[in-house]
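Okay, so here's the structure we're looking at.
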Amino acid sequence: MSDNLVSRLLEKDIQKACVEWARSRGWWARKFSSPANRSVPDYLFAIRIPGRSVKVAVEFKAPGKTSTDAQIEEQEAMRLAGWQVWEIDSVVKFREIFTGLMVPENWCNGSDPNINDLAIHMPDKEPHSRGSHHEHTFPHPPHHAARATRGR
């Protein structure tokens, strides 16, 4: 795709293509909204494959756009609760990540795109600007601990 065409894609275009692709491969997909919390990710995905159940939350963005600080904080809270959370601004990125999640060889050997070398990014205790997170390393995080990705 040309750079000009990519820059004109809207969030809803990327979201629609990704959801259709995932559903065609057996993923359960539901639009996620919470009247009490506007910062929740756009979609929840799940699939049960032999030996594993995968649950993922996705915040879709137009190419080059990023999550707000409130969205980042919600994404980090969901990661700490055991969710895999991704910010997606391209169909190619979505397909690569979701294809990798279904490959058993990627689950615990460090090549899974969600493995973060045992580090989870956590927000500072005080209000902060985007990107001013510090890393906290847990002694034994779950094998699916997700790194903060910003779709850049």
Among (1) modelled with pLDDT of 50 or more; (2) within 13 Å of the chain's Cα centre (by Cα); (3) closer than 23 Å to Ser24 by Cβ, there is one condition Val103 misses while meeting the rest; what is its number?
(2)
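Give the residue, chosen from Arg38, Arg30, that is in a loop (DSSP other than H, G, I, E, B), charged (D, E, K, R) and either within 15 Å of the chain's Cα centre (by Cα) or over 23 Å from Val103 (Cβ atoms) (or both).
Values: Arg30 fails: in a loop (DSSP other than H, G, I, E, B).
Result of the check over Arg38, Arg30: Arg38.
Among the candidates Glu76, Glu87, Glu20, Glu59, which residue alone is within 15 Å of the chain's Cα centre (by Cα), more than 22 Å from Pro104 (Cβ to Cβ) and surrounded by fewer than 20 Cβ atoms within 10 Å (Cβ to Cβ)?
Values: Glu87 fails: surrounded by fewer than 20 Cβ atoms within 10 Å (Cβ to Cβ); Glu20 fails: within 15 Å of the chain's Cα centre (by Cα); Glu59 fails: surrounded by fewer than 20 Cβ atoms within 10 Å (Cβ to Cβ).
Matching residue, one of Glu76, Glu87, Glu20, Glu59: Glu76.
The values are calculated or read from the model by the stated rules, or taken from the named source; none is laboratory data. Since we're looking at a predicted model, the values are computed, not measured. Note that we place each Cβ from the backbone using ideal geometry, even for glycine, and neighbour counts take in every protein chain shown.
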